[in-house]
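One structure follows; several queries about it will come next.
Rule-based calculations on the coordinates, nothing more; no lab input. If you're wondering where the values come from, they're calculated on a predicted model, not measured in any experiment. As a convention, Cβ positions derive from the backbone with ideal geometry for all residues, glycine included, and neighbour counts pool all protein chains shown.
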Amino acid sequence: MNRIFRYAFWKLKGVKVFALVGKSGTGKSFRSKLMADKHNIDLIIDDGLLIKGDRVLAGRSAKRENNFLTAVRTALFDDDEHQRETISALQKEKYHRILIIGTSEKMVYKIAARLKLPPPDRIYHIEDIASQEEIETAMRIRFSEGKHVIPVPAIEITRSYPQIVYDSLRVFFRSRFRLPWKKNKSFEKTIVRPEFSKYGRITMSEAALTQMVIHCLDEFDQLIKVTKVNMKIVPEGYKLTVKLRVPMKHQIASTLSELQEYIGDSLEKYGGIFVAGIDLEIEEWS
């Protein structure tokens, strides 16, 4: 099915894709149910899972992975069987609106393509729906305690991944103009502590960090090659210098600042490490 035909097909079905984008640990999963309720969204795709209401319909949680590389691949539906299972579940559902959660616009576009969904019609950033204070609080909890959120009840997650469940949380949504006979809505969310998110600072060799950065760049742009990663540990975390080789006349799809942000978010989210800064050194080759 070519791109134009697929676009027309989804338009005829009345399917609209939303996306919620934000840095790792800023509270996207925490707020996803409230956003879905506000926009009448039927399904959510978050970290490798297809979610409907309080149930996981299909997929595998990236939270259950015990290392950086497999967590990234799971979140991006890199595995063919994972893709087929999720696509099959989507085809069985009647829905008009679906929300994809990701750390970058590039990530949500890639997930949509891999699940044969149309590209997002509307992209929200976490700053659109949360205050700076709320974002900073969420990030402090993520990086000091290693806690993540899955937007379904704990009992649903415990069935498949009991070893990562830490606690549950019920969030109440109070409308400013609530009528007396209307009840406040509430959503239960599961707090988990994945294998790749540990207490305290994780020490890591330059070789391990290099492998992680190579994988990030392979997902971002396969023509960009990593030649070396130097690291320095500072009080705020790891400060990295990444040396890259880029073919002459090759146009990088995004800006260098977006590439820095993509590498930093991926290392923090799936490597469980603090990134204080990333410097890029680029060498062209023919």
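With the cut-off at 29 Å, tell me which of the pairs 23/228; 38/239; 63/249; 106/239 have Cα atoms farther apart than that. Kindly include the intermediate steps, with their values, before the conclusion.
Values: 23/228 25 Å; 38/239 40 Å; 63/249 39 Å; 106/239 24 Å.
Long pairs (Cα-Cα over 29 Å): 38/239; 63/249.
How far, in nm, would the chain grow between residue 251 and residue 95 when pulled straight, counting 0.36 nm per residue and subtracting the alpha carbon separation?
Values: separation 156, 0.36 × 156 = 56.16 nm, distance 3.80 nm.
Using 0.36 nm per residue and subtracting the Cα-Cα distance, I get 52.4 nm.
Can I ask one more? Quick check: the distance between the Cα centres of the range 39-80 and the range 97-128, to the nearest angstrom?
With the range 39-80 and the range 97-128 each reduced to a Cα centre, they are spaced 13 Å.
Given a Förster distance of 51 angstrom, what is the FRET efficiency for residue 40 paired with residue 207, based on the Cβ-Cβ distance and rounded to 0.05?
Numbers: r = 49 Å, r/R0 = 0.95.
The computed FRET efficiency comes out at 0.55.
From the phi angles alone, apply the Karplus equation (6.51, -1.76, 1.60; θ = phi - 60°) to the range 84-99 and give each ³J(HN,Hα) in whole Hz, x where the residue is Gly or Pro.
4, 4, 6, 4, 4, 5, 4, 5, 8, 9, 9, 8, 10, 9, 9, 10
Right, here's the next one. With contacts defined as alpha carbon pairs under 8 Å and 6 or more residues apart, what's the relative contact order of the range 206-285 in percent? It would help to have the intermediate numbers written out before the result.
Working: 121 pairs, mean separation 26.6, N = 80.
Relative contact order of the range 206-285: 33 percent.
Report Rg (one decimal) and Dmax (nearest whole number) for the range 206-285, counting Cα atoms only, units Å.
Calculated on Cα positions, Rg and Dmax stand at 12.0, 39 Å.
Here's something else I'd like to know. Would the range 58-136 count as rounded, prolate or oblate if I go by the C-alpha gyration tensor, calling it rounded below 1.5 in a/c and otherwise prolate when a/b exceeds b/c, oblate otherwise?
Working: a/c = 2.10, a/b = 1.25, b/c = 1.68.
Oblate is the answer for the range 58-136, as a/c is 1.5 or above yet b/c matches or exceeds a/b.
So, one more: Which ordering of 262, 124, 95 is given by a fewest-first count of other beta-carbon atoms within 10 Å? Don't jump to the answer; show the numbers that get you there.
Values: 262 21, 124 18, 95 14.
The most exposed by this proxy come first: 95, 124, 262.
Gain in length, residue 232 to residue 280, computed as 0.36 nm per residue apart minus the alpha-carbon separation, to one decimal in nm?
Net length gain for the segment: 15.9 nm.
Ok, one more. Can you pull the one-decimal nm distance between simple spin-label points at residue 81 and residue 222, each 7 Å off the Cα toward Cβ?
It works out to 2.3 nm between the two label points.
Next question. Calculate the dipole size of the range 206-285 relative to its Cα centre from +1 charges on Lys and Arg beta carbons and -1 charges on Asp and Glu beta carbons; express the result in debye to the nearest 20.
Values: 8 positive and 13 negative charges, 51 e Å.
For this selection, approximately 240 debye.
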